[in-house]
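Comments concern the structure below.
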Amino acid sequence: MSEKTNLPVPAHVAIIMDGNGRWAKARGLPRLAGHHAGTKNLRPIIRAAADAGIKYLTFFAFSTENWNRPEEEVEGLMALLSEFLETELQEMHKEGARFLHIGHLDGLAPSLRKKIEDAIELTRENERIDVILAFNYGGRDEIICAVKKLIEAGTPAEAVDVKAMSDAMFTAGTPDPDIVIRTSGEKRTSNFLTWQTVYSEWFFPEVFWPDFSEEDLLKILAEYSKRDRRFGGLSKK
Ligand code: FPP
C-alpha cells in the first residue's frame, strides 16, 4: 500500500521504452537523438518509481533482435549505455538503487561489459529499488538458456516445474512484473519477459518514451489499483 494514496503499489514494473525513433522523426532529428532523449528520461522515471514505493523496475533497452538495426544505431545504443553508467550511476547509488542486468554480457564490448559488472558490484548492497536493465536480452533466448541450465545440472524431468524454471531464468530472485508498460501506442510483447509476464497487467500509453512522465506513471498506478487480478482464479472482490 502506498502511504500517500493508500492504494496498492505494484512491486515490479517493467517498461518497453518504445517510440524514440518516432519522437526524433517528429522533430526532424536523427534516430539517435531520440535514444539520447530516452536515456535522459531514465533518471526521473527511476526516481518517481522509487518515490511511489516500487521495489523493482525493469527497462528493455536492447533486445537480441536489435542487432539487426543499422550499425550506427547499434553502436549509438552501446555508447548511450556506457555514458548512462558514467553519468548516472553514482547518483543512483547514492539514492539506494541496486543495478542489475538481464540478458547476455558476452557479445558486448569488453569495456562496456566491465562497466556493467562494476555497476552491479558497486550497488550490490543497495535496497531501495532494483533497477534491472534488459540489454542484449530476449525472452525466448532466456527460456532456452534456462532449459539448457537444468539439463546441464542433470535435473530429472519430474523436477522440472514452474519454480525450477523461474529459478533458472536471468530474473531468478525477482518477482514477476505486476505491470508492463509499452509506450508509443504499439501493442506487442516483442520477446520481453516472455516467461514472467503471463499474469502481468499491460498498459499501452499513447506517448513516446522520451515524453513519458511521472504523471503518466502515476496515472497507470491509479488505473492498476482498480484492476481485478485473478491469476486464472475467481475475483476476491
Ligand atoms: C525503441 O524505440 C527503443 C529501443 C530499441 C531502445 C531503447 C533504448 C533507450 C531508451 C536508450 C537506451 C538506454 C540505455 C541505458 C542504453 P524505437 O527506436 O524502436 O522507436 P520507433 O519505434 O519510434 O522507431
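The values are calculated or read from the model by the stated rules, or taken from the named source; none is laboratory data. Please read these numbers as outputs of a predicted model, since none were measured by experiment. Please note: Cβ atoms are built from the backbone with ideal geometry, for glycine as well, and neighbour counts cover all protein chains shown. Just the protein is used for accessible areas: all its heavy atoms, side chains included, with ligands, DNA and RNA removed. Shrake-Rupley method; radii C 1.70, N 1.55, O 1.52, S 1.80 Å.
His93 meets all of the listed conditions (1) touching a Lys or Arg at 6+ places or on another chain (Cβ under 8 Å); (2) closer than 24 Å to Gly38 by Cβ but one, namely (1). A Cβ distance below 6 Å, combined with a sequence gap of six or more or placement on separate chains, defines the contacts here; from region 24-42, residues that are among the aliphatic types (A, V, I, L, M) reach residues that are open to solvent by less than 80 Å² (accessible area, probe 1.4 Å) and near the ligand (Cβ under 7 Å from one of its atoms) in the pairs Ala24/Gly34. The conditions of being in contact (Cβ under 8 Å) with a residue 12 or more places away in the chain, open to solvent by 50 Å² or more (accessible area, probe 1.4 Å) and under 21 Å from Val13 (Cα atoms) are met by Trp195.
Residues in region 217-237 that are touching a residue at least 24 places away in the same chain (Cβ under 8 Å) and either touching a helix residue (DSSP H, G or I) at 6+ places or on another chain (Cβ under 8 Å) or not in a loop (DSSP other than H, G, I, E, B) (or both): Leu217, Leu218, Ile220, Leu221, Ala222, Tyr224, Ser225. If you go through region 224-237 and pick out every residue that is within 17 Å of His12 (Cβ to Cβ) and either open to solvent by less than 70 Å² (accessible area, probe 1.4 Å) or in contact with a strand residue (DSSP E or B) (Cβ under 7 Å, 6 or more places away or on another chain) (or both), you end up with 4.
The residues of region 74-108 that are open to solvent by 50 Å² or more (accessible area, probe 1.4 Å) and among the small types (Gly, Ala, Ser), listed by number, are Ala79, Gly107. Taking region 28-82 as the range and being closer than 13 Å to Val131 by Cα and among the hydroxyl-bearing types (Ser, Thr, Tyr) as the test, the residues that pass are Tyr56, Thr58.
Filtered by the rule that a residue be open to solvent by 10 Å² or more (accessible area, probe 1.4 Å) and not β-branched (Val, Ile, Thr), region 137-158 gives Arg140, Asp141, Cys145, Lys148, Lys149, Leu150, Glu152, Ala153, Gly154, Pro156, Ala157, Glu158.
Give the residue that is farthest from the ligand (Cβ to nearest atom), with candidates limited to residues of region 198-219 that are surrounded by fewer than 18 Cβ atoms within 10 Å (Cβ to Cβ) and of a type outside the set (Asp, Glu). Filtering first and then ranking leaves Tyr199.
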